[in-house]
Each structure stands twice: as structure tokens, then as C-alpha cells.
1. If you take the residues of segment 170-218 that are of a type in the set (Phe, Trp, Tyr) and under 20 Å from Glu236 (Cα atoms), which of them is most open to solvent (accessible area, probe 1.4 Å)?
2. Within the set of pairs 6 or more residues apart or between chains, which connect a residue that is among the β-branched types (Val, Ile, Thr) inside segment 297-324 to a residue that is part of a strand (DSSP E or B) and loosely packed, with under 13 Cβ neighbours inside 10 Å with Cβ atoms less than 8 Å apart?
3. Name, by its number, the condition in (1) part of a helix (DSSP H, G or I); (2) over 30 Å from Arg340 (Cα atoms); (3) open to solvent by less than 80 Å² (accessible area, probe 1.4 Å) that does not hold for Val259.
4. Tell me the residue from Leu92, Leu97, Leu111, Leu107 that is at pLDDT 60 or above, open to solvent by 30 Å² or more (accessible area, probe 1.4 Å) and in contact with a Phe, Trp or Tyr (Cβ under 8 Å, 6 or more places away or on another chain), please.
5. If you scan segment 169-186, which residues turn out to be farther than 15 Å from Glu201 by Cβ and in a helix (DSSP H, G or I)?
6. Output the residue which, of all residues in segment 325-351 that are aliphatic (A, V, I, L, M), part of a helix (DSSP H, G or I) and free of Cβ contacts under 8 Å to residues at least 60 places away in the same chain, is farthest from Cys258 (Cα to Cα).
7. Restricting to segment 344-357, name every residue that is buried (at least 18 other Cβ atoms within 10 Å of the Cβ) and under 19 Å from Val310 (Cβ atoms).
8. Any residue that is open to solvent by 50 Å² or more (accessible area, probe 1.4 Å), of a type outside the set (Lys, Arg) and either within 14 Å of Val256 (Cα to Cα) or part of a helix (DSSP H, G or I) (or both) - is there at least one of those in segment 300-321?
Amino acid sequence: TTSHAQRLWNLVPAATQAMVELGPDLLGTFLRTRALAERAAAFGSEGALWGPRLNGLRKEREESQLVSIRNTLFDQVGRVLTGISKDRPLLLVLEDLQWADAGSLDLLFHLGRQLDGTNILLLGLYRPSEVAVGRDGERHPLAKVLNEFRTAYGDFSVSLDSEDDRDFFEAIIDSEPNALDEEFRDTLFEKTRGHALFTVEFLRTMQDEGSLKPGRTGRWIPAPNLNWDLLPARIEAVIQERTGRLPDPLREILKVACVEGPEFTLEVIAEVLKMPPMDLIPLVGSELEKRHRLVSLGGMERVGEHRLYVFRFGHILFQEFLYRGLDEAERAYLHERVGRAVEDLYGNEAEKDLDLARHFRKAGLLLEAARWLVVAAERARGRAAYHEAIELFRQAQGLLGPLPESADRDGLELEVLSKRLPISWSLGVFGEENEKDLVSLKQLAERFGDQDSLFWAHFCEMCKHCL
């Protein structure tokens, strides 16, 4: 902004004087002397004391090829910064330290020691995940600097990678005037989990693409075409960078995991990949969790004789990104394999009905998907969630519609109708849709010789006029 630029411009005299008096070897090395002299000349009498000295140093640099050794330069950088900070506090912000070269990190280490006790705050930003994976097959040079600082100053880090901090999330949204309601905030929080970068990038992308627009008072409001399916380019780039460098075995694990969902089971992955679970534990626990920080252990559960370890993606957007990267055929194949594995491991002993229905539906196995929807509907009816049961029965019937007639298909439709229609009648929601289904129920019951279903068909037909 204009005010920030003015403050920086007003700092030129003090910064130039500190450079001339305390860091002359930096001129022509880190800073173009001619450009600095031109800016200093604009201050007239303020530069009377150090102007001639600056011009003299410029000429010396033009005539000399002498280069100071590194430590001398580092010392002068520290002295210049200390000189600037004598009259006012100084904040130094260093971004993306994970990309800094070894020389720059040596300077950072030197400043960290030299500036101790001064009126200077040195703030460095970096991605821990990038540092954790190392550089060129070796330990990341920033790791050593960070460990040295921790030894000298204790725990000085502040994580901006944490999630579920609703207060911080709300502060980010309200950093600009807006009229965004609770429904919008809840949905955005569900997408980003309060992650600072993801929240900022979602808001920025929504503004750029028109999903958010200025209202009549100038405050941001949701547009009618609000799009929640977008994945901001910068977030996509971050995820691509995090996952693209993984070895093939780890990528294969994540490929299967993203199909199972935001939470996945180590034993399911092992069955799909045809690996012993013990061989998978170090890859998921040591590599993906501890080193790359892409997943975390959610807990252990027992299902029958099985001991199952459940992990979750570090962020749901990673799971969504990886899932979008699969082509249609690969998705269908993996959904079937994952569905079979979940079916074998969990069976009816855990409420995986809807998950199994989703996997088989995505795999194109509609009859099996419908069967699991019926199981889910029965569970809902058992806990007196009758409206939920009706909806699940309807979904199962909808999956059966496109399928050709067969004993299995028609038998399942008979089961769906004979269970759904009595519930609809008891709740008083027997409409025109149920009239057609009642005819189908009678026909199917007569064809299969199912006397119980035929009874319910006649019972509902007699009682429908009582509603």
C-alpha cells in the first residue's frame, strides 16, 4: 500500500548511513551502489554526511575487483541491521526458507547468533514437510540450522499447518469486509479444516472466479453460481509437489487409500495390493506419516478376529486431489477391489453398509450396491429412523431400475417394496409413487409365490383410503 511504501522510503537515509558506516563491503556485492546513490541523492541535505562517502565507495567498487571473504560479509550484514534497528524496532521476514541455498542458510545461522539481544525480530517461514524429505537425497540444510536455534533459544516455532482452529479461521475470513453467513463459513471450514493457506487460497480463488462478489455495500457475498468443487491452483500445486516426488510404492498406497476415502484401513490397502500388512506398516507409518506427514494414525479397532488400523489423510484436499487424478476405468477397478476387501474384513459386523454401497456403485456393480443399501435401510428401521429407511430403500430401488430382469434383481426389488411400502403407509406418506409400486409389489409377490409380501400388498391397498 501507499503507507507501507512511504515508510520504506523514509527508511532510506538511516539504511544508507548504516550501510556506508557498518557494511561497506556489501555495496556492489549485495546491493547496486549506483542505484543506492541515485536514491540517496533525492534526500538532499539529509545525505550530506554520508553522500560523499557513498560516492567514494561506488568509485572504489568500480575500480576494484576485491571480494571480501564470506564471514566478513556476514558480519557486516549483521552490523548494518543492528545499526538500522537502533532508532526503531526492525522486523525481518524470510519466506520459503525450504528453497534457500546453503549459502543463504549459513547467513541465516550467522544472523541468528549475531542479532541475539538486539532490537530485531527475525521471522522465517518454511514448510516442515519439505524439510523432512531432505534435499538431493541428503539431510535438508535448514534442518541443521533449526536444530542449532532450538538448542540456543528453545522451542520458538509456531505452526500455521494446524487444523480445526475455528477462531483463526474466522479471523482470516473477517480480514476483509464481508456478509458471509454461517452456512458458507461451515462449508468452507469443512473443506479447509481451518488450514491457513487453504482457507486464504479458497477465498482468493472464489473472488477471482466470481463465486464471491462485492455486494451493494462493498462487502463480499456468495454469488448464485457458488462453486464448491473448485481446487485452487496454488493448493493443487502444493499437493502435486508433496506427492509427485514420492517413490512408486508410496504413490500406489495413496492411490488405493484415496479410493477408500478420507479415512482408510491399512489391512484393506494390504489386501488390495496383495501385501502382508506387516510389510505395509513401515511404508505407511514411517514414511507417509512420520516423514512425509501426509497421513496420520486414527486408531485401532477390532472387528471379529481382525485387528484393523485406521489412518486418515492429513487433509481431505489431498484425498480429493489424488482421487481426481485417477481415470474412470482405474476408479471403477479400485472401487471394486476396495469394496471386496472391506466386505471381507468387516462384513456385517461394522456399519460399513453405505461405504460398500458407494464402492460397488462407483464400480458399476449396481445390484451389489443396492443390496448394501437395503442392509443400511434395515439398520435405520431398526433404530426407528423411518424416514431415513424409506430414502435408502428408494435409492436401492433406483439402482435396480436400469438393470435387466433376473431372479436376483427382481427378488431384491420385491424385498425393497415389501419393506418400504408398509413403513410409508404407517407414516402416512402413501402417495402416487407408492400406488405404482404397490402394483409392482403384487405382481412380483405373485410371480415368486411370496405370501407374506402378497399380504402386505393387499393390506396396504385396503388401508390406503384410510390415510
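1. Just the residues of segment 170-218 that are of a type in the set (Phe, Trp, Tyr), to begin with: 184, 189, 198, 202.
Now narrow it down to the ones that are under 20 Å from Glu236 (Cα atoms): 189, 198, 202.
On the way: Phe189: 23, Phe198: 5, Phe202: 0 Å².
The selected residue is Phe189.
2. Close Cβ pairs satisfying both conditions: Val310/Gly299; Val310/Met300.
3. Evaluating Val259 over (1) part of a helix (DSSP H, G or I); (2) over 30 Å from Arg340 (Cα atoms); (3) open to solvent by less than 80 Å² (accessible area, probe 1.4 Å) leaves (2) as the failure.
4. Working: Leu92 fails: in contact with a Phe, Trp or Tyr (Cβ under 8 Å, 6 or more places away or on another chain); Leu97 fails: open to solvent by 30 Å² or more (accessible area, probe 1.4 Å); Leu111 fails: open to solvent by 30 Å² or more (accessible area, probe 1.4 Å).
Going through Leu92, Leu97, Leu111, Leu107 in turn, just one is at pLDDT 60 or above, open to solvent by 30 Å² or more (accessible area, probe 1.4 Å) and in contact with a Phe, Trp or Tyr (Cβ under 8 Å, 6 or more places away or on another chain): Leu107.
5. Start the filter on segment 169-186 by keeping residues that are farther than 15 Å from Glu201 by Cβ, which leaves 170-171, 174, 177-186.
Glu170, Ala171, Glu182, Glu183, Phe184, Arg185, Asp186, listed by residue number.
6. Within segment 325-351, the subset aliphatic (A, V, I, L, M) is 326, 329, 332, 334, 338, 341-342, 345, 350.
Those left that are additionally part of a helix (DSSP H, G or I): 329, 332, 334, 338, 341-342, 345.
After this cut, where a residue has to be free of Cβ contacts under 8 Å to residues at least 60 places away in the same chain as well, the list is 329, 332.
On the way: Ala329: 15, Ala332: 13 Å.
In this case the residue turns out to be Ala329.
7. Pass one, segment 344-357, residues buried (at least 18 other Cβ atoms within 10 Å of the Cβ): 345-346, 352-353, 355-357.
Hits for segment 344-357 are Leu345, Tyr346, Lys352, Asp353, Asp355, Leu356.
8. yes
The values are calculated or read from the model by the stated rules, or taken from the named source; none is laboratory data. Since we're looking at a predicted model, the values are computed, not measured. Every residue, glycine among them, receives a Cβ derived from its backbone with ideal geometry; neighbour counts consider all protein chains shown. Accessible surface areas use protein heavy atoms only, side chains included; no ligands, DNA or RNA. Shrake-Rupley method; radii C 1.70, N 1.55, O 1.52, S 1.80 Å.
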